[in-house]
1. Could you go through the stretch 504-518 and let me know if any residue there is in contact (Cβ under 8 Å) with a residue 24 or more places away in the chain, open to solvent by 50 Å² or more (accessible area, probe 1.4 Å) and either out of contact with any Cys (no Cβ under 6 Å at 6 or more places or on another chain) or part of a strand (DSSP E or B) (or both).
2. Output the residue which, of all residues in the stretch 458-478 that are farther than 15 Å from A448 by Cβ and polar (S, T, N, Q), is surrounded by the most Cβ atoms within 10 Å (Cβ to Cβ).
3. Would you confirm whether any residue within the stretch 522-544 is under 37 Å from the mean Cα position of the chain (by Cα) and not in a strand (DSSP E or B)?
4. If a residue must be modelled with pLDDT of 80 or more and open to solvent by 50 Å² or more (accessible area, probe 1.4 Å), how many such residues does the stretch 809-824 contain?
5. Looking at the structure I just gave you, is V637 assigned by the TED database to the domain that holds T697 and in contact with a helix residue (DSSP H, G or I) (Cβ under 6 Å, 6 or more places away or on another chain)?
6. I'd like to know if the stretch 658-674 contains one or more residues that are at pLDDT 70 or above, charged (D, E, K, R) and under 46 Å from the mean Cα position of the chain (by Cα).
7. Within the set of pairs 6+ apart or on separate chains, which have a first residue in the stretch 410-433 that is in the same structural domain as D140 (by the TED database), a second that is open to solvent by 10 Å² or more (accessible area, probe 1.4 Å) and outside any loop (DSSP other than H, G, I, E, B), and C-beta atoms under 9 Å apart?
8. Got a sec? Which strands (runs of 3 or more DSSP E) wholly within the stretch 552-669 have at least 1 residues that are in contact with a Leu (Cβ under 9 Å, 6 or more places away or on another chain) and aromatic (F, W, Y)?
Amino acid sequence: MVENGVNGITTKKPQEPSVNGGDTAGPVKANAKTGATGASQLELERRLLSQLSAQTLSSTRAPGAVGEVWSLVSANWMRAWRRYVNCRGCEEDGEMNEAESLGPPGPIDNSSILVSQAELNGSVNGSTSSSGRLRPHLLDGVDYSRLAPEAWQQLLGWYGLAPGQVPVLRPARQLGRLSRRLDIEPYPLRLRLAAWDRPNEQTVREFSRTDSLSDVSKEAVRLLKLAKRPFRLWLYDDAAKDAANLRPLPTAADACHRLDQLVFDDQCLLLEVQDASGCWKGKLSAGDASALKSIPPPPLPPPSWHQSQQQKVLQQKQQNSQILQQQASPYLPGVCGLANLGNSCFMNSALQALSNVQMLTDYFLSNKWKSELNTDNPLGMRGEVAAGYGRLISDMWSGRYSSISPRQFKQTLGRFAPQFSGFQQQDSQELMAFLLDGLHEDLNRVRAKPYVEVKDANGRPDQVVATEAWRDYKLRNDSAIVDLFHGQLKSTLVCPDPGCAKISVTFDPFCYLSLPLPTDRSKQLIYHLVRSDPNLPIIRAKLVLPYEGRISQLCSEIARQMKLKSADRLLVADVYKNRFYGVFSHEEYYNSINCGRDVIYVYELDAPIYSPDHTVVKVFFNTTADRLDNCFGLPVVFSAPHEGLTYERLVEMVTKKASKLLSIRNERGEFPVWWDPTDNDEASDCQPPPLFILRRTNTNLSSEVQIPDSLFNSDSLSKPRDLYLAARFSPEAKRACCNESAVLQYERHESLQASASNANRRTLSDCLKLFTAEEQLGKKDAWHCPKCKKFQCATKKFDIWALPKVLVVHLKRFQFDRICRNKIDNVIEFPLTGLDMGAWAINPQPQAPATYSLVSVANHFGGLGGGHYTAYGLNCRDQRWYEFDDSIVSPADPRSVVSGAAYLLVYVRSDLVHRSGESVELDRLTLAPADPDDHADNNGKQSSDSSCTSDSDEEEDLMDVS
């Protein structure tokens, strides 16, 4: 018998909803402690809404413990609830009261995200009740919201559930194999369990897709009340009850595979338990006529010598065919796109950047990695990441495909790093760091890592300490990744206590350099000023502002630049698609304005925007034939005095303020005849119909109502502070009287005439100067001095001691401060060839050449809230640059490689860059040092294990939408 709930989770049955579809649990009862009524419920609902994410309407906190039950709710219902809560009580805030027109959202309705029983049974006119199963391919935050238990219980108590539906509950689980994280699983694996002798008595249970077969077996033994003896699992096909349709599931697969790699959703598993005599009977009860009659046949005997020879010939033919296909490759090897699997552009850009490192690619194409695969490394990933990357590189460089899907490789990554599973945008640099570290551990030549004691410098020469640190590091970490990508940093800490003056020197490895970007802490904003006098032209101007500040400071600067009367009469708005995308209050910070994307309009009003005797009127323009949010022209804003305000006065002010849009008039200043006088029986005496009608609307133009009479009352308390209106034209009136091009004309201010400053164009050397500059540690990052035994705000300095063969540079474009998080889009100039790093390496001993050539770049476009990753790569076969935009690959101009979007730079030492037609020596791919001191001169670390990160004291966390 199938139990309700998820893995035994039970819930209280909600009360039936009321007939009117309002509050489903009957009248709202007073709270016993606070005497709360409907008014206080509004406050509770508003408080709950403020605790949810503004974008996804999901609970912002993470699951607190394993087994904590979360709920999934339709995003459609959540958005309707938000609109209802925001509109209730709007009279107090001077907004439109839409509660009567919108009404409450009704019972919680998840029908848009759940499969009905009729759909599940394949019938058209079946039951509409819910099966409790999610529809496939739903997105978190788009199709459904995730609610914590306390939020779900509140909503359930207020609104109840729609008839015929069950709550969608998901318990918190530990997901991932190596990197564990606590989260909920929207799509658990649904399995039917039955005993071997009772196949028709099935119990449905849901398991995590990361569970193993042993987890299923333990649950099946408990549910089916079987003896705790050796058992085996079989896949059972209900439709074809034949022994040939049984497939064993060996328990040896537990350690290597997730559950979703062995079984599919809604499959049936039979549990066969060994009898007391230790035999596998494999017999079903005689009363079940449809039962299996025998266990699966034994395996086939080994093939004869003749059959084995035939198989060898067949394999040789297949290999020859593959060789012929590769020789007749229709595509250039390496010029292969990667399909976007849903916000996976961050992964595609990192893979393309590494793919164009020819030494690493040739290492995998030569299959040398197979002899160095380390599947027993406890810090590795059983060789799966290396094997998956090898298969991917083989396909990308086979020349047979213009693009491929990296789905299998992404699933492999997701098993060991759950943050890269799913469809959320991640940071390309974080993925590259994880991939390089995973490849290193999977290919580590050290099978048993010895214990190595960390030794202090104690005043010894740097050369001795660095050589010793690298030698100790190589005792535990030795792979092709170390030989290629790892360099060595010198870290110096100085105790500020004059009585101590301890100097601590350590030499640590690095896999990439995270370089801070220089910034002048200023930003340039281009805006359009709309004067209060509609006869004055719109002015386009530029303003240089401090990097952080409020809108009030912006208005003050604009008033100073334009010599206006007062800054408190300015309203700042972001205009998009002929409507307001955002209106900024003077208390907000202007850091949220994207100077390169947002179109900012500043409106001058006739009165202060917070005047108690005026209403700020914002008017959109649209036609009666279009949707309400399909606007044209430029919105107008003006201050309407409360005294003497009438509908006719509003129409007059709108007509005056929109004089640029309504500029099609005759010499007498009259509008042309746009209506048909013959429609009236008294054509000679007919008056023209109104040019437009005014309707009250809201900020997002989701609805419209007639302007209430209370707006024109003499009582100023009933008048709102802000009023949104829609001026609705007939299509004929718009064509005859509106000149949309007139509102796009503006005059250029002298601030735009100034030549573009090069202050924001910095070089890679500027970034390296910041990276190697001495800095003072803050109190939160205080260093514990081993000499004076105190936490000290020491001075810290990084220096590059030894350079790797492949230098990965991470430009830290994402800036985090106490107020907000921003992206720096400044162009950092970097050379394509001839990057001389010799001046930055402080090792006095002779080293290998320190000149580098660029081979690939990973780009990020957009901001923190959303963005897209692409890559540039220099193909080693034809020495041409290509742009990789997911599955689309196109030739690129080398001059376009240097841009403000460059995020990851991959350089290869110039003497190791293979040219077109040059043979690749496999010995050089093993990266053996030229002399015994080569390792000590070029790489290093103390006794700690490999960590593909630089010693930057800040971590960056990027989450943007492709």
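The values are calculated or read from the model by the stated rules, or taken from the named source; none is laboratory data. Just so you know, these numbers come straight off a predicted model, no measurement behind them. A quick note on method: Cβ atoms are made from the backbone with ideal geometry, for glycine too, and the neighbour counts reach across all protein chains shown. Accessible surface is based on the protein model in full, side chains and every heavy atom, while ligands, DNA and RNA are left aside. Shrake-Rupley method; radii C 1.70, N 1.55, O 1.52, S 1.80 Å.
1. no
2. Taking the stretch 458-478 and keeping what is farther than 15 Å from A448 by Cβ, we get 458-473.
So of that shortlist, the ones also polar (S, T, N, Q) come out as 458, 463, 467.
Values: N458: 7, Q463: 15, T467: 19.
Among those that are farther than 15 Å from A448 by Cβ and polar (S, T, N, Q), it is T467.
3. No - not one qualifying residue is present in the stretch 522-544.
4. 0
5. Taking the combined requirement at face value, the residue does not satisfy it.
6. Taking every residue of the stretch 658-674 in turn, at least one turns out to be at pLDDT 70 or above, charged (D, E, K, R) and under 46 Å from the mean Cα position of the chain (by Cα).
7. Cβ pairs passing all conditions: none.
8. On the way: elements: 570-576, 579-584, 600-604, 614-623, 636-641.
Per the criteria, 579-584, 600-604, 614-623, 636-641.
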